[in-house]
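So the structure is just underneath, and the comments pick up after that.
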Amino acid sequence: MSVAVARPLPRRTIGGLRQQLVATAHMRLMTLMMLFAAAVLLVIGRLAMLAVLSHAGDGRGVLGAVPRGDIVDRNGEPLARTIDSYAIGIHPGALLGDPTEVAGKLAALMPEHGEPFFYALLTRKVSFTYLQRRASPALVEAVNAIGEPAIVYEHDSQRLYPQSTMAAHALGFLSTEGRGMSGMERVLDERLTSPATAGQAVALSIDSRVQAALESELSRAKDNFAARAAAGVVLDVQTGEVISLVSLPTFNPNRVGMAGAEELRDSVTQSVYELGSTFKPITMAAAIDDGVVTSMARRFDATAPLQVGRFTIHDEKGDPRRWLNIPETLIYSSNVSTARIADEVGAARMQAIFRKLGFDTRPDIELREKGHPLWPHYWARTTTMTTGYGHGIAITPLQLASAYAALVNGGVWRPATLMRVAPGRASAGRRVMSEATSARMRQLLRLVCLYGTGRKGDAPGYRVGGKTGTAEAASNGGYDHHRNVATFVAAFPMDSPRFVVLAMLDSPQATKETFGWKTAAWNAAPVVGRVIARTGSMLGVVPDARREIDLADLQPMLSLVAGASPPPSGGEEQ
C-alpha cells in the first residue's frame, strides 16, 4: 500500500496566492469606497435637486427671484409696492413620512382643505406642487415643525397698490404672471424686474396730494352733472411733468379683473375729442406770431353770422353783435370773429401750428395707451375756419394741456412725461412761437378769467388764465346735438406760469344750480378753480391777492367789457 506524502507548495505558488488575496481585498475595498462615494454623491445630488426644485415652483419661472421694484410719487410716497409673502410646496417623490399621516397634520394646520385634499397632493406623480400660496409666517413655522424634508418654502412677493384706485391709469396693472400690462407698470417692466436695479424704487412725476384733489373734484363734478366720463391733467409748464392724471370712470389695480373696458380706458391719452373753443387761443397765437394780427385793437366783424358756401358760422345768443377786437374776441368767445382770423392765417399756417403742437400724432408720453388724433383729410376754407375754434379736429386732453403749456411758458413745446425730472434735466423741447407771442397770450388768457367765460375757474390770489370750450359730442359720423364735451384749461400764476390744469366732462347734464346750462363755464371751469385753490400752495405757489399780471396796455380796449356787467356766463360757444 502506497502512502501519499504531502509536499510543501513552492514559494512561488504561495506568493501568488497571497497577491491574489491582497488584490481581492483591494478590489473589495475600492468597491466599498466607490459605493460610499456614490451614496454621498447621491445624497448631495438629491439635496441640490431639492434646493433647485424648491425655487422652481410650477414652471412659471425662478422662485425667489428679485422682487419687482416699487413705484413712488415725486415725493417718495408709495404708489405700487411689492410685499413679502410665502408659499408652501412639496416634492411628492421625495416624501419620507407616511402620506396619510402627513396629510392629517397638514389638514389640521390648514382646515380649509380636508385630509383627502392633501393626501391627493402628496401622492401626485409630479416633481413639485403647491400646498398653500400666500401663507402667513406663523403657518410656515407650524408646517415646518412637522419635520418633513420634502416640504419646501418659497419666499414670494405680491404687488400691492396701497392707494387703491388713485392714479390707476398712470400706474396700470400686472398680469397674473406678474408682467406689466398697462400704464407705467408696462413701460417700466424691464427696469422694475431687472436684478441690476433691484431694490431701487422708481419715482414718477405724480404728486399724490394733487392727484387726490383732482380726482376728488372731478369725481364730484362727474356725479353732480351725470357725465359719462371725465378727464383731468395737471402739467408742469417748464418740464412737461404730469403732476396729476385722472380718467373717470376708473378701476382698482388690486382687483383689475372686476374692471370693464370703459374703466380701463384712459380718457386723458386714449380718447380724442373735439375740444371746441379751447382752440381759439391757439388760433390767436398763430395770427400774432405770423404777423397776421399786429395790433390787439384790430377789430373783426361779428355783427352777424358768417356764411361760407353752404355753411353758417354763428355765435351764441347773448353775445354782442358788433365788431370785436382781439381781447374781446376771446372774452366773448366769438366763433365768427375767430373764424375770420383763422381765414386770414390760412390753411398752411394753421396746419403748421397744429403740427408744431403735435396735434397730428399720438400724444408724446411714455404710456402705450395712446389714441391717434382725427386730422382733416382735406383742408377747405371752411375747415381752416372751423378748426380755428376747435371743430373738425379731435385730439386728446393731454395734447391740449401740452399745447397750453407752450402758449404760456415762453413758446416752447415739450413732451409730457410721467417720470420725475431732475432739476436742470428737462427736455429742451422745440420752439413753436416767440416769447413775445407767449407773453401776449398770458395777458389774453388772464382777461378771459377776469371778464369772460372762465371767471368761475379763477382762484383768488393765483392769477389764473384759461379758456373754456364746449363742443357737440361726435356720434356715428356726425354730432349728437343733445350731448357735449365741456373743457376748461388754465394756467397759473399768469405773471410767471408754473402749471397747467385741465378738466373735461363728457356729456354733462344741466342742473338747477347751472340754470339749465351744461357748458364748460358752469361745470368744468369750477373744477379747475377748486383744484388750484386746494393745491396751489402744495405746488409751491403762494397766493397773493395784491399781485396781478400787467394788463395796462389792454385795459383801454375793454371799456365795453370791464365797465359793464361781464358777458353772460352761459353764453358758451358750441
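The values are calculated or read from the model by the stated rules, or taken from the named source; none is laboratory data. All values reported here derive from a predicted model rather than from experimental measurement. Neighbour counts run over all protein chains shown; Cβ positions are idealised from the backbone, glycine included. Calculation scope for accessible area: heavy atoms of the full protein, side chains included, ligands and nucleic acids excluded. Shrake-Rupley method; radii C 1.70, N 1.55, O 1.52, S 1.80 Å.
Between the DSSP loop rule and a limit of at most 10 other Cβ atoms within 10 Å, which trypsin sites (Lys or Arg not before Pro) in the stretch 473-516 are left? Loop-located and lightly packed - K512. For H372, the accessible surface of its heavy atoms amounts to roughly 90 Å² (probe 1.4 Å, protein chains only, rounded to the nearest 10).
Once Rg and the Kirkwood radius are both taken over the C-alpha atoms of the stretch 143-189, their ratio Rg/Rh works out to 1.27. Net charge in the neighbourhood of R547 (other residues with Cβ under 9 Å of its Cβ; Lys, Arg +1, Asp, Glu -1) is -1.
Scanning the chain for GluC sites (Glu not before Pro) in DSSP loops with at most 13 other Cβ atoms within 10 Å, what's the longest stretch left with none? That would be 178-512.
Among M557, M284, M34, the order of accessible area from largest down is M34, M557, M284, computed with a 1.4 Å probe on protein heavy atoms. Once C-alpha pairs closer than 8 Å and six or more residues apart are averaged by separation and normalised to the residue number of the chain, the relative contact order reads 14 percent.
Among the lysines of the chain, pairs that are 8 or more positions apart or on different chains and have alpha carbons within less than 22 Å of each other number 20. In this structure the amide hydrogen of V152, modeled in the peptide plane, comes within under 5 Å of the amide hydrogens of G89, I90, H91, none closer than 5 places in sequence on its chain. Based on Cα contacts under 8 Å between residues 6+ apart, the stretch 418-574 shows a relative contact order of 26 percent. Positive end of the dipole of the chain (Cβ unit charges, origin at the Cα centre): among L324, T417, A521, the Cα lying farthest that way belongs to T417. In the neighborhood of V234, defined by Cβ-to-Cβ distances under 10 Å, what is the net charge if each Lys or Arg adds +1 and each Asp or Glu adds -1? Counting the neighbours of V234, the net charge comes to -3.
The residue among P497, F251, S194 whose Cα reaches farthest toward the positive pole of the charge dipole of the chain, with charges on the beta-carbon of Lys, Arg, Asp and Glu, is S194. Given their separation in residues at 0.36 nm each and the Cα-Cα distance between them, R220 and T176 gain 12.5 nm when the chain is fully extended.
Working value for the stretch 443-540: equivalent-ellipsoid semi-axes of 26, 13, 12 Å, each the square root of 5 times a Cα gyration tensor eigenvalue, largest first. Computed with a 1.4 Å probe on the full set of protein chains, the accessible area for R179 sits at about 110 Å². Taking amide H as placed 1.01 Å from N in the peptide plane, F499 has its amide H under 5 Å from the amide H of V237, F492, each at least 5 places away in sequence or on another chain. Percent of C-alpha pairs per 10 Å bin in the stretch 289-394, short distances first: 14, 41, 31, 12, 2. Given a 1.4 Å probe and the protein chains as shown, Y479 ends up with an accessible area of around 100 Å². For the chain, the share of accessible area belonging to carbon and sulfur comes to 55 percent (1.4 Å probe, ligands and nucleic acids excluded). For A229, the residues 5 or more places off, or on other chains, whose built amide H falls under 5 Å of its own are D506. Restricting the stretch 349-398 to trypsin sites (Lys or Arg not before Pro) that sit in a DSSP loop and have at most 12 other Cβ atoms within 10 Å of their own Cβ leaves nothing. Panel values: the chain, Kirkwood radius from alpha carbon pairs, Stokes-Einstein at 20 °C and 1.002 mPa s, translational diffusion coefficient 77 µm²/s. Our coupling estimate for the stretch 422-429, obtained by passing each phi through the Karplus curve with A = 6.51, B = -1.76, C = 1.60 and θ = phi - 60°, is 5, x, x, 10, 5, 4, 5, x Hz, Gly and Pro reported as x. Spin-label pair S85-Y130: with each label point 7 Å from Cα along the Cα-Cβ axis, the two points sit 0.8 nm from one another. Its residues counted as N, the stretch 194-294 yields a C-alpha radius of gyration over 2.2 N^0.38 Å of 1.45. Helices in the chain, meaning DSSP H runs of at least 4 residues, each add -39500 (n - 2.57). Divided by all residues, the mean residue ellipticity at 222 nm is -10000 deg cm²/dmol.
Screening the chain for DSSP H helices whose Cα atoms reach 20 Å or more along their own axis and whose mean Kyte hydropathy is at least 1.0 gives 11-53. Per residue, the stretch 84-218 exposes an accessible area of 46 Å² to a 1.4 Å probe, with every protein chain left in place. Accessible surface ranking for T294, T470, 1.4 angstrom probe, highest first: T294, T470. Taking other residues whose beta carbon is less than 11 angstrom from the beta carbon of L374, and scoring Lys, Arg as +1 and Asp, Glu as -1, yields -2. This model, with +1 at the C-beta of Lys and Arg and -1 at the C-beta of Asp and Glu, gives the stretch 249-321 a dipole about its Cα centre of some 160 debye. Full extension of the chain between A380 and S434 gives 16.7 nm of extra length, using 0.36 nm per residue less the Cα-Cα distance. In loop segments of the stretch 103-196 as defined by DSSP, there are no chymotrypsin sites (Phe, Trp or Tyr not before Pro) with at most 16 further C-beta atoms inside 10 Å of their C-beta.
The magnitude of the dipole of the chain, with charges of +1 and -1 set on the Cβ of Lys/Arg and Asp/Glu and taken from the Cα centre, is near 1580 debye. Relative to the current alpha-carbon distance between A510 and Q200, full extension at 0.36 nm per residue lengthens the span by 106.7 nm. Divide the volume of the convex hull around the Cα atoms of the stretch 81-224 by the residue count and you get 169 Å³ per residue. For the stretch 489-497, 3J(HN,Hα) computed residue by residue from phi via the Karplus equation (6.51, -1.76, 1.60; θ = phi - 60°) reads 10, 9, 9, 7, x, 6, 7, 7, x Hz, glycine and proline entered as x. About its Cα centre, the dipole of the stretch 273-402 is roughly 200 debye, where the only charges are +1 on Lys and Arg Cβ and -1 on Asp and Glu Cβ.
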